[in-house]
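> Starting off with a structure, shown below.
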Amino acid sequence: MRTQPFTFELPFGGMPSEWDNHIQRSLSSMNGQYYDQAAYAEMLSENDQLLYEVYEVLVPAVEGELLHGVSILHPGKVGSEYFMTKGHFHSVLETGEVYYGMHGTGMMVMETPEGESSVMELVPGRVLYVPPRWAHRSVNTGATEDLITFFVYPGNAGHDYGTIEQKGFRKIVVEQDGKPTVIDNPRWQNTP
């Protein structure tokens with residue numbers, strides 16, 4: 001864990017030169033998240049493939065620190081729905097997050113507990129701000145390239161994956177007529 005000033009290299013479209021924590025999420029970690037459950041089960045029976053990786057530079061989990069790293073979301077689809085990250089609220093709901101598009105194309109699906117939603121494009125060179133109270137999930141809409149983003153958020157923010165695992169997001173991104181399209185999630189659960 002870093003407690004002194006430091007630098008690291010972040011090649012455009014690449015991994016950081018240093019990291020403290022490497023997270024790998026495979027298809028099996030996304031159980032219940034894709035709307036086409038038959039396509040999901042078929043894919044999983046063939047291969048529990050790696051969907052995305054996160055490289056974090058850890059700092060103390062306290063207010064005032066900024067945790068940051070790089071997320072690499074690989075291309076692919078489950079049925080017509082693009083590969084995506086698990087998505088989460090922050091445990092400290094009143095914390096935001098910043099993403100910087102480094103490589104590839106994608107979208108950020110976001111929503112508040114009150115039901116407001118937004119989907120914004122992620123492309124190289126674009127900074128995307130996720131305000132406090134907004135759950136967020138990255139989606140790779142590229143056919144062959146990784147979606148690589150740099151992120152930074154408060155060190156004490158934490159992650160609430162459970163709410164999204166239970167309810168899903170209100171919007172999903174699918175391929176229709178050969179292009180990414182945002183639609184209402186048929187499996188979204190309006191539960192307390």
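Every number in this text was worked out from the coordinates using simple rules, so none of it is lab data. Quick caveat: nothing in here was measured; it's all calculated off a predicted structure. Cβ coordinates were reconstructed from backbone atoms using ideal geometry, including for glycine residues, and neighbour counts include every protein chain displayed.
> In terms of the ratio Rg/(2.2 N^0.38 Å) built on C-alpha atoms, what value belongs to the range 51-152?
1.05
> Sorting 100, 82, 161 on the 10 Å Cβ count, fewest up front, what's the list?
Final ranking by Cβ density, sparse to dense: 161, 100, 82.
> Give the relative contact order (percent, whole number) for the range 85-178; include only Cα pairs under 8 Å separated by 6+ residues.
Relative contact order of the range 85-178: 42 percent.
> Please give every one of the aspartates and glutamates within straight-line cross-link reach of residue 171, meaning a C-alpha to C-alpha distance under 18 Å, and leave out same-chain neighbours fewer than 8 residues apart.
Within reach: 36, 81, 111, 114, 116, 121, 184.
> Let me ask something else about it. Sort out for me the Cα centre separation of the range 45-65 from the range 101-158, rounded to whole Å.
Going from one Cα centre to the other spans 14 Å.
> Considering the options 117, 158, 82, tell which one lies farthest towards the positive end of the dipole of the chain, charges being +1 on Lys and Arg and -1 on Asp and Glu at the Cβ, about the Cα centre.
Of the options given, the answer is 117.
> Further question on the same structure: Taking 0.36 nm per residue of separation and subtracting the Cα-Cα distance, what length does fully extending residue 47 through residue 181 add?
Result for the pair: 45.6 nm of gain on full extension.
> How would you order 86-95, 179-188, 117-126 from highest to lowest mean count of nearby Cβ atoms within 10 Å?
86-95, 117-126, 179-188
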